[in-house]
Amino acid sequence: MLYAVPAGLSLRGWNMPDQFNVLLEVRNVRKFFGVRGKSVLPTAKYVQAVNEVNFSVRRGEVFSVVGESGSGKTTLGQMLIRLLDPSDGEIMFDGVDLMTLDDQQMRRARKRMQIIFQDPYSSLNPYMTVGDAIGEVLEVHGITKTTAERDQRVDDLLETVGLRSATSVRYPHEFSGGQRQRIAIARAIAANPEFLVADEPVSALDVSVQAQILNLISDLRASMGLTMVFISHDLAVVRHIADRVAVMYLGRIMEIADVDEFFDRPLHPYSQALLSAVPTPDIRRSKQRQVLSGEIASPMSPPSGCVFRTRCPHAIEACAGVVPPLELKSATRSSACIRDDLLK
Amino acid sequence: MTDTRPVLAELQDVSVSFTKGNVTAHVVDSINLSIKEGETVALIGESGSGKSVTSLAIMHLLPRAKIDGKIMWHGKEGARNLLALSTREMRSFRGGSIGMIFQEPMTSLNPLFKIGDQIAEAARLHRPVSRQEARQIAEDSLRLVGIPEPRGRLNTYPFEMSGGMRQRVMIAMSLVCRPALLIADEPTTALDVTIQAQILELLRRLQEELGMSMLFITHDFGVVAEIAERIAVMYAGQIVEQGATQQILENPVHPYTRALLNAIPRLDKRSARLASIEGVVPDPRALPPGCRFATRCQFAVPDLCTSQPPPLSELQDGHAVRCARWPEFARVEYA
Ligand SMILES: Nc1ncnc2c1ncn2[C@@H]1O[C@H](COP(=O)(O)OP(=O)(O)OP(=O)(O)O)[C@@H](O)[C@H]1O
Ligand SMILES: Nc1ncnc2c1ncn2[C@@H]1O[C@H](COP(=O)(O)OP(=O)(O)OP(=O)(O)O)[C@@H](O)[C@H]1O
Ligand SMILES: [Mg+2]
Ligand SMILES: [Mg+2]
């Protein structure tokens, strides 16, 4: 690679021509799900799960997608590795549009990209031993040739994620939530991927176990040089793990910023509201906050113009008129809001 | 400043166990906890620590459990032990003097009935009111919890509402009889943060307006800081530390409380590494003889911590901790 990044150096603030740095580029991506009505005729109703989304992920960084339930995070994450096809737009992985790949090319690309799912209880096949679940990935991608080689690699992987190798002959139900999530991670890194989508990997876990898994993810990132899209609705977790943050609301991106900048000075009114809503175990800080009124609108009939305007404390009439584009507001952040006057 | 509010409810050495075959699970062990009038006490702990079981014991909603100890209720009619009440007496108590918001809102609302009918039904169960009046009470309570157009909403079904709305309905239902104590079991855990903030604010406002006491169950220290005056930390069925919210958050003494607080990623600063707690909670069917946290505790020493269970020791005004080595830790500033 032309511009190798020294180990341990964060890519934050790395000012380099982006085309050398970018591993994944998302261009104008949409995903609409058709909703079948009661009649036999096809209806024109759609869930606008992801709408006009644009961003790029640099090599070696952890790019976090945050947002409340139903904002489109999972749908977006699955499109990034083509578990779902976008309705529109392009997903460029290492310079190539994933949608133009044929089956064989896609299989080769798959080896380079993996996903960890939210639920440690349902993401593993209950009828497969842990060893077979991980071994399967090794075989599919032709990473190991012999059984002995395979078993050795499985043991190494289990050790990497902090489990004893005796684990391999046991079944998922014999493990706790945290241990299962380790197994899912071992499976995800089995083929030595460059790119990992982690969809709420710690949301189902208790804090003590969550800390173990977050530490493991940080270690793997450093040792494997992984590029990651980390999906979460827990902002404290995101602050801990991310380099950059994208905030979604009703399928659209409201703001993208470097992590410290985002947490110290959120720009978009929704980012501000979201951050102020998070309860913190700090009694001196906890009592002053801004509470948003109203509920998230339906993705089947999102508000015209800015989708956040129905709950935004700063909304004006003009907000209903146009969808605000995600615009660069400084070298390191973009925001989609027409009320620039506020955002100084 | 001393707190002169009278005690409303008092758990005295409450234990709960379940027996299946010849195996007994000791799920709650000798809990002592008191709740004053108008006070909010939080019960916090990891999944499986016995929080829900404790609250269900208060409500007599554990048919197959063996419950020991006393749950004293200091009402207008004098003190009585709730555990000694008959099923019929308890039924009127439940939903009358004590309201409860259950952990899963979807399973505690009947999907087949309109919410107006469900709330009216709850009102008629405890108050001698007509159908008409019950409907008015239902409408008023929906208004109280901030549901817009409450009259029209009476005719909707649970599935037609969002999670946040359903949670408001649950709260409305638990409040129809103006309970003196509200038990809220993780009332915001399934909700988004902006909706959670709305519900917490609502509960705070209602508590102020109605002057009720609250037992608030959660595993989120952030939520606790928002709502509770006192905290009881549970681990493997026991209270391991309790005290004023500020004492617990700023000067935790028990290694478990400290470890938990250190394991939480912070919103205001980025740390290189989180302090994790290795290992898992012990099985309630095979508890260790000494301190239940000893197997995961970095400060545990043989014999002192592993041979006999440590007592709950009182440090100062209301701050108590269950740890044999507490005198050493109490002097160490919490970083
Ligand atoms: N297969 C599908 N068919 C129809 N609608 C769908 C489908 N998958 C997702 N949706 C809808 O798309 C929207 C976005 O869903 P998505 O699961 O991506 O949200 P999310 O941000 O991951 O939410 P959560 O935090 O709850 O996981 C939601 O309104 C959801 O109901
Ligand atoms: N009816 C029952 N029979 C046997 N064991 C039970 C029963 N109900 C609960 N338990 C056990 O009691 C322990 C405590 O459960 P409880 O539901 O009180 O935990 P909790 O602290 O509320 O956890 P969570 O945060 O997950 O809600 C668990 O080990 C559970 O398996
Ligand atoms: Mg999701
Ligand atoms: Mg519970």
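The values are calculated or read from the model by the stated rules, or taken from the named source; none is laboratory data. Nothing here was measured: the structure is a model prediction, and the numbers come from that model. No Cβ is skipped: glycine too gets one built from the backbone with ideal geometry, and neighbour counts run over all protein chains shown.
If the condition is being among the basic types (Lys, Arg) and surrounded by 18 or more Cβ atoms within 10 Å (Cβ to Cβ), then region B:267-296 contributes B:292, B:296. Taking region B:95-168 as the region of interest, the helices (runs of 4 or more DSSP H) fully inside it that hold 3 or more residues being more than 20 Å from residue B:198 (Cβ to Cβ) and out of contact with any Phe, Trp or Tyr (no Cβ under 7 Å at 6 or more places or on another chain) are B:115-126, B:131-144. Consider residue A:258 carefully, then state whether it is free of Cβ contacts under 8 Å to residues at least 24 places away in the same chain and either within 13 Å of chain B (Cβ to nearest Cβ) or under 30 Å from residue A:159 (Cα atoms) (or both). Spelling it out, it is not the case that residue A:258 is free of Cβ contacts under 8 Å to residues at least 24 places away in the same chain and either within 13 Å of chain B (Cβ to nearest Cβ) or under 30 Å from residue A:159 (Cα atoms) (or both).
Does residue A:250 satisfy the criteria of being farther than 23 Å from residue B:269 by Cβ, surrounded by 22 or more Cβ atoms within 10 Å (Cβ to Cβ) and more than 8 Å from every other protein chain (Cβ to nearest Cβ)? The answer is yes for residue A:250. Return a yes/no flag: does region B:1-16 have any residue that is part of a strand (DSSP E or B) and closer than 28 Å to residue A:209 by Cα. For region B:1-16, residues part of a strand (DSSP E or B) and closer than 28 Å to residue A:209 by Cα: present. Being part of a helix (DSSP H, G or I) and either crowded, with 22+ Cβ neighbours inside 10 Å or at pLDDT 95 or above (or both) is not true of residue A:92.
The residues of region B:263-305 that are within 16 Å of residue B:238 (Cβ to Cβ), away from chain A (no Cβ under 14 Å) and not charged (D, E, K, R), listed by number, are B:284, B:286, B:287, B:288, B:289, B:290, B:291, B:294, B:300, B:305.
Considering only region A:203-213, I want to know if a residue exists there that is of a type in the set (D, E, K, R) and modelled with pLDDT of 90 or more. No, there is no match, as no residue in region A:203-213 is of a type in the set (D, E, K, R) and modelled with pLDDT of 90 or more.
Strands (runs of 3 or more DSSP E) fully within region B:186-268 that include at least 3 residues being touching a helix residue (DSSP H, G or I) at 6+ places or on another chain (Cβ under 7 Å), touching a residue at least 12 places away in the same chain (Cβ under 8 Å) and of a type in the set (A, V, I, L, M): B:213-218, B:230-235.
Inspect region A:230-240 for any residue being of a type in the set (Asp, Glu) and within 16 Å of the chain's Cα centre (by Cα) and give the result as yes or no. Among the residues of region A:230-240, at least one is of a type in the set (Asp, Glu) and within 16 Å of the chain's Cα centre (by Cα), which makes the answer yes.
Within region A:202-230, work out how many residues are part of a loop (DSSP other than H, G, I, E, B) and surrounded by 24 or more Cβ atoms within 10 Å (Cβ to Cβ). Give the steps one after another, and end with the answer.
Of the residues in region A:202-230, the ones part of a loop (DSSP other than H, G, I, E, B) are A:202-206, A:225-226.
Still in the list and also surrounded by 24 or more Cβ atoms within 10 Å (Cβ to Cβ): A:202.
Going through region A:202-230 one residue at a time, the tally reaches 1.
Residues in region B:7-54 that are within 7 Å of ligand 2 (Cβ to nearest atom) and of a type outside the set (D, E, K, R): B:18, B:25, B:27, B:45, B:47, B:48, B:49, B:50, B:52, B:53, B:54.
Give all pairs with beta carbons closer than 6 Å in which a residue from region B:88-104 that is within 16 Å of ligand 3 (Cβ to nearest atom) meets a residue that is outside any helix (DSSP H, G or I); count only pairs at least 6 apart in sequence or on separate chains. Between residues of region B:88-104 that are within 16 Å of ligand 3 (Cβ to nearest atom) and residues that are outside any helix (DSSP H, G or I), there is no close pair.
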